[in-house]
Amino acid sequence: MLDYAMSLRMGGGTCVRVLKFLIPATVVPQEAVVRAVSWLCVGKIAISTQVLFLRWVLTVFDMIDSKDHLRAIYGFIFSFVTEENLSPYICHLLYLLTRRESVRPFRVRKLLDLQTKMGRQPFLLHLLSLYKVFYPELVTLALPSRMRSGFKNHNSTWKVALSAVQKRNKVQVSSDISLTLRLKDKTNSRKRKLNHLELPSLSSSIQSNSSSSRSRKVFSLEQLHSFPQLLDNLHCIELPSQMGSLLGSSLALCYLDYVQDDSAFLRLNFWLGHALHEEFLFCSGDGGSGSSSEALHFLNRLLSTQHFLQEGFSSTEGFLYKFLNVWDGSLLRPQILGLLSDIPVVPSSCISQLLFEPLMQLFFTSTLFFKCSVIDCLNNMLLEWLTWHSVYALEDGLDISLNSHTPMNMTLSGFMDSVMELVRFVGRLATVGLQLEGCHCLLLSFILDFYETVCDMFLKYGLPLVVMPPAGVFYPALFATDPVSVDRLSYIMYRYKKNLTSAKCQQQETKQAFHISRQTCQEFNHYLLFMVSCLWNSKMFLPGMAIEVDQELLALSKVPEPWTSFDLIHHPAFLGCALDFHHKCWPERKDIDFNSIKAAKQWNWYMEFLFSQGFQGLQQFVQSSINRRSVAGISGQRGSQPTSR
């Protein structure tokens, strides 16, 4: 029927009618397509009919049983690229057929000449970008890093009819049926409902039962059921016609990660970016599928894929930067924040505009739970960055490549600037967030999670950078009413000391200049001195301390011995522990005298009691930062000194 239509035996009108109603039920034999393409050189087919035929080929492309013969006539198809009306469809077809051996210098020159004549057309840019992946030395043109889809979908009617035929016959084929444009709802015709979120079925671009597949011993992806099968057939597996289908198979992702094919990642990013933009950015607020179960399943699958590959997709990154500006903070929040935590390192020159400004607006106008989610997201993002640094850093320590499929290389100093900006941004968020939420213990817990990552950047990840928490985080954690927060702050200070000491020793040994300033050491010593004076030496509110209160004002409060209000006995976080210890030591006493705990023997017992309650951070802090001298004086105070840097 295709050969009958393209031969124009019954005239041009009949050809058009046959093409419009030519809906395949199973697969399309490639010989029929090759024979129909040969009729294009006759010269008697109208341009509009040729466009219609190319649109039909693009619609059923994924159903063609094999592509070998079509790739064999790649040059013949390329010759039609100069036809202005056919060029968008020819470029799209060439994009689907292109392999490394298809790229030739004369074809690159022809496309560049066409671009000079026609301007920077999206379909030309996309084909050139694929050529540049295979041979970057041939395409010297600077291409934009992120491009919207250059190949428009004009075949919605055909795809709807094709979907109906498939459902009626209940046949599983390799076409991208899920990427269909559904008929618009007459009651809501202005809202776009695109349904790009269902993953295509996994199938090879060459059918396993075709003659070409048997001659080449092609092993189709849908036949993979175990990892040993994958190992045995690595040399004869061909990537699927729809790269989006890889997201649904862990074995296919293993193969993708193994082959490291840049063109495969380019195709996958192209499909993924188109689906994300069409479904979440170019839809109306209540007309898209963002709140549906399909969107939830799609984003969860995308998250699991990125975690499996241990890297994010560049198309996801570009989508998130745009989506944050229109996001309300509640739509698919866990999935969006999960994707956000996987983005690669953003240069410090643009990180504020792309990431910080939209997040800041959402953070300060959101609920407590959202604030906790954002801090947790940024903590995971920092962990990803530090892990990339520790894995991809070169031995000379000068350059790092942060993503094997991202063309962004960053110097070590540039990477450190980005990390510094991220840590300082979280410090600002944490300071204001604690003020807005009344130092809520849940928010404080997530903030301390973040600084547990920050305090170990040098020893655990090899990054010569130490950034202290701001005062708006340190003091609320120190004066928290729950012992867990104080214990975690003690552990963080203990790890800061270990990192600073190790960095100083390594700096003296290797004579290298680390990015650890004198101001950072002064901040640490200031915090350490205040913690020891407050928790251990009972010198709160005294002259010369960081927090100084007028003595007359303290007298008006009528609090006895206010300078002891935040030591390890009277601190609100440890008061219950002190009371429990007092009852165990003096069960016969009716009056409680906490000063009796300050005696030498009882004080040591009290320390062991606290450590036995699971306060490991406090134990490490005391053992590393305090010279314990449990000699009770007249006032019952211990004369210990902090061991600061």
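The values are calculated or read from the model by the stated rules, or taken from the named source; none is laboratory data. Keep in mind it's a predicted model, so treat the numbers as computed, not measured. Backbone-built Cβ (ideal geometry, glycine too); neighbour counts: all protein chains shown. SASA here: full protein model, heavy atoms, side chains in, ligands and nucleic acids out. Shrake-Rupley method; radii C 1.70, N 1.55, O 1.52, S 1.80 Å.
Brief remarks on what is shown
- When restricted to residues that are over 30 Å from C254 (Cβ atoms) and at pLDDT 85 or above, the stretch 286-328 contains 6.
Yes/no matrix, rows are residues, columns are (1) buried (at least 20 other Cβ atoms within 10 Å of the Cβ); (2) farther than 25 Å from L412 by Cα; (3) at pLDDT 90 or above:
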{"residue": "R424", "(1), (2), (3)": "no, no, yes"}
{"residue": "G427", "(1), (2), (3)": "yes, no, yes"}
{"residue": "A430", "(1), (2), (3)": "yes, yes, yes"}
{"residue": "L434", "(1), (2), (3)": "yes, yes, yes"}
{"residue": "G438", "(1), (2), (3)": "no, yes, yes"}
{"residue": "L444", "(1), (2), (3)": "yes, yes, yes"}
{"residue": "D456", "(1), (2), (3)": "no, no, yes"}
{"residue": "L465", "(1), (2), (3)": "yes, no, no"}
{"residue": "P470", "(1), (2), (3)": "no, no, yes"}
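- Checking every residue in the stretch 311-318 against the condition of being over 30 Å from T411 (Cβ atoms) and either within 11 Å of the chain's Cα centre (by Cα) or hydroxyl-bearing (S, T, Y) (or both) gives zero matches.
- Those helices (runs of 4 or more DSSP H) of the stretch 292-392 in which at least 1 residues are more than 26 Å from Q435 (Cα to Cα), considering only elements entirely within it, cover 293-309, 314-323, 333-340, 368-392.
- Condition met for K590 (over 20 Å from A480 (Cα atoms), surrounded by 14 or more Cβ atoms within 10 Å (Cβ to Cβ) and among the basic types (K, R)): no
- Selection within the stretch 1-38 - without any contact (Cβ under 8 Å) to a residue 40 or more places away in the chain, open to solvent by 40 Å² or more (accessible area, probe 1.4 Å) and touching an Asp or Glu at 6+ places or on another chain (Cβ under 8 Å): P29, R35
- Considering the conditions (1) outside any helix (DSSP H, G or I); (2) free of Cβ contacts under 8 Å to residues at least 24 places away in the same chain, V467 is excluded by exactly one of them, (2).
- Flag for V486 being surrounded by 18 or more Cβ atoms within 10 Å (Cβ to Cβ), assigned to a helix (DSSP H, G or I), touching a strand residue (DSSP E or B) at 6+ places or on another chain (Cβ under 8 Å) and in contact (Cβ under 8 Å) with a residue 60 or more places away in the chain: no
- Close Cβ contacts (under 6 Å, 6 or more residues apart or on different chains) running from residues in the stretch 75-93 that are more than 15 Å from L125 (Cα to Cα) to residues that are loosely packed, with under 14 Cβ neighbours inside 10 Å comprise N85/I47.
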